[in-house]
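> Starting off with a structure, shown below.
The values are calculated or read from the model by the stated rules, or taken from the named source; none is laboratory data. This structure is a prediction, so every number in the text was calculated from the model and none was measured. Backbone-built Cβ (ideal geometry, glycine too); neighbour counts: all protein chains shown. We work out accessible area using only protein heavy atoms, side chains counted, and drop any ligands, DNA or RNA first. Shrake-Rupley method; radii C 1.70, N 1.55, O 1.52, S 1.80 Å.
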Amino acid sequence: WNLQYYATPSLSYRLLNQDEDYNKTLLSAGLIPANSFNQVGDAVSQRRDMGIEVGAAAGYQVSEKLLIKAGLQLNYRAFNIDAFQLQSAQATTLRLRQGNVYDSVYAISNMGNFAGNTPVNLTNRFLQISVPIGFELAMATWGKTGFFVGTTLQPTYNLQQHAWQLSADFQHYVQQPDLLQSFILNSAIEAFFRFQTKGGL
């Protein structure tokens, strides 16, 4: 058995994609104008931001090369959105889909995606606690140095989240905390070199 403590910086990227059939239902229902029927990735300007992961894990050495581990980890993740503050608040719609069931949430927003009075930076921030469960596999070792690969599944709970959501027509950003998920499942794949000092660090 062994016990590991770790801290590592992270960068968060957000990839947005869309279902074209879903977009066609929005267009036919008049919920988005025809001129906004484009790719969401082209309509949104997002930038990475620094975060951190800290944690502790208990590991069991199954064989000379294989270590299984489980632990507790705290994550801070963030990414930035380039937007504009509008002169006045405007009505907008968030469109929801669960299977073949559609619903709408109507909201008021003073943050625009394309044009407005003042450029602003909106930061989406997430403070999470997770339980990573996985393994490490030694690919090559040289004394107290080695190259390892590993993977974990991480059931995760959002302790705090401050997030802006994009409206159905891509024109506005809205805060609707009730629509955010508290429990999510993260995963990780890693490759790293390990160097051990005489003091065990």
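> So with the 1.4 Å probe, I'd like the accessible area per residue for the chain, rounded to whole Å². If you can, show how the numbers build up before the last one.
Values: 12500 Å² over 201 residues.
I get 62 Å² per residue for this part.
> Once the mean 1/r over all distinct Cα pairs of the range 81-157 is inverted, what Kirkwood radius in angstroms do you read off?
On the way: mean 1/r = 0.0566 Å⁻¹.
One over the average 1/r among Cα pairs gives 17.7 Å for the range 81-157.
> If you don't mind, another one. Full extension from F183 to N121: what is 0.36 nm times the residue separation minus their Cα-Cα distance, to one decimal in nm? Don't jump to the answer; show the numbers that get you there.
Values: separation 62, 0.36 × 62 = 22.32 nm, distance 2.67 nm.
19.6 nm is the gain from fully extending F183 to N121.
> So how much accessible area does I108 have, in Å² to the nearest 10, using a 1.4 Å probe?
Approximately 120 Å² of I108 is accessible to the 1.4 Å probe.
> Please list the three semi-axes, largest first and in whole Å, of the ellipsoid equivalent to the chain, using sqrt of 5 times the eigenvalues of its alpha carbon gyration tensor.
43, 18, 15
> So how much accessible area does F135 have, in Å² to the nearest 10, using a 1.4 Å probe?
Roughly 80 Å² of F135 is accessible to a 1.4 Å probe.
> Short version: ³J(HN,Hα) in whole Hz for each residue of the range 144-152, in order, from phi by Karplus 6.51 cos²θ - 1.76 cosθ + 1.60 (θ = phi - 60°), x for Gly and Pro, what are they?
Along the range 144-152, the couplings run 9, 10, x, 10, 10, 10, x, 8, 9 Hz.
> Looking at the chain, how many pairs of lysines come closer than 29 Å at the Cα, when each pair is eight or more places apart or spans two chains?
The number of close lysine pairs in the chain is 5.
> In whole Å, how far is the Cα centre of the range 60-85 from that of the range 103-146?
About 11 Å separates the Cα centre of the range 60-85 from the one of the range 103-146.
> Provide the net charge surrounding N75, with neighbours chosen by a C-beta distance below 12 Å and charges set as Lys +1, Arg +1, Asp -1, Glu -1.
Numbers: positive: R77, R125; negative: E53.
Residues near N75 contribute +1 overall.
> Counting only other residues whose beta carbon sits under 10 Å from that of Q128, what net charge do I get with K and R as +1, D and E as -1? Each step should come with its number before you reach the end.
On the way: positive: R77; negative: E53.
Residues close to Q128 contribute a combined charge of 0.
> What number comes out for the charge environment of Y106, summing +1 per Lys or Arg and -1 per Asp or Glu over other residues with Cβ under 15 Å away?
Working: positive: R95; negative: D103, D169, D178.
Surrounding charge for Y106 is -2.
> Let me ask something else. For the modelled label position 7 Å from the Cα of D103 along Cα-to-Cβ, which residues of the range 173-201 have backbone nitrogen atoms closer than 20 Å?
174-184
> Carbon-plus-sulfur fraction of the accessible area of the chain, 1.4 Å probe, in percent?
Values: 7100 of 12500 Å².
That fraction is 57 percent.
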